[in-house]
1. Report the Cα-based extents of the range 1-61 along its three principal axes, largest first, to the nearest Å.
2. Show me the ranking of peptides 11-23, 105-117, 45-57 by mean Cβ neighbours inside 10 Å, starting with the highest.
3. Using only the alpha carbons of the range 67-124, determine the length spanned along each of the three principal axes and report them from longest to shortest in whole angstroms.
4. State which helices in the chain qualify, where a helix is a whole DSSP H run, it must extend 27 Å or more along its own axis by its Cα atoms, and its mean Kyte-Doolittle hydropathy must be at least -1.0.
5. Pick from 102, 60, 44 the residue whose mean-square fluctuation is largest in a GNM of the chain, springs joining Cα atoms under 10 Å.
6. At 222 nm, what value in deg cm²/dmol follows for the chain if DSSP H runs of at least 4 each add -39500 (n - 2.57) and the sum is divided by all its residues, to the nearest 500?
7. Dipole magnitude of the chain about its Cα centre, charges +1 at Lys/Arg Cβ and -1 at Asp/Glu Cβ only, in debye to the nearest 20?
8. Taking the Kirkwood radius as the inverse of the mean 1/r across Cα pairs, report the Rg/Rh of the chain.
Amino acid sequence: MDVIIGFGIIMAFFAAGECLSVLMGHFIPGSVVGMLLLFVALLTGFIKPRRIEKVAHFLTGNMTIFFIPAVMGIMDLWGFIKMSWLGWLGVIVLSTICVMATTGYTVEGVRFLQRQKERKGEGK
């Protein structure tokens, strides 16, 4: 029963995000709006994490399922992609480098902040 309730909660936030996205003219994707709403609900205590924990672990543990539509789209457009593969390869390499650099700088920033916090704690 917990799984059904948890899935219902997640789907309700997804639906609310989709509705708000339509009202905003699709400025932000509905799934992102729904995720932000769920995040705020968890932060404020409106939704208890234990209510969605089992479903969240299942969904994140089986994320490959969510890539099936993207793979099918690539297969459907393979003729187009094949004609300009060099450009696609460049975009993939460049975006991968950007993600890696951003992640690295973020981790270094967090480490810097942790060191600063430790230094302030030692000075007391």
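Every number here is computed from the coordinates shown, using simple stated rules; none is lab data. Worth saying up front: this structure is predicted, and the values here are computed from it rather than measured. Because the Cβ atoms are built from the backbone with ideal geometry, glycine has one as well, and the counts that use them run over all protein chains shown.
1. 35, 23, 19
2. Ranked from most to least packed, the peptides come out as 11-23, 45-57, 105-117.
3. So the extents along the principal axes, rounded to whole Å, are 65, 24, 6.
4. For the chain, where a helix must reach 27 Å along its axis and average at least -1.0, the hits are 2-23, 85-122.
5. Most flexible of the set in this elastic network: 102.
6. The helix-only estimate for the chain comes to -28000 deg cm²/dmol at 222 nm.
7. Value, rounded to 20: 580 debye.
8. Result for the chain is an Rg/Rh of 1.10.
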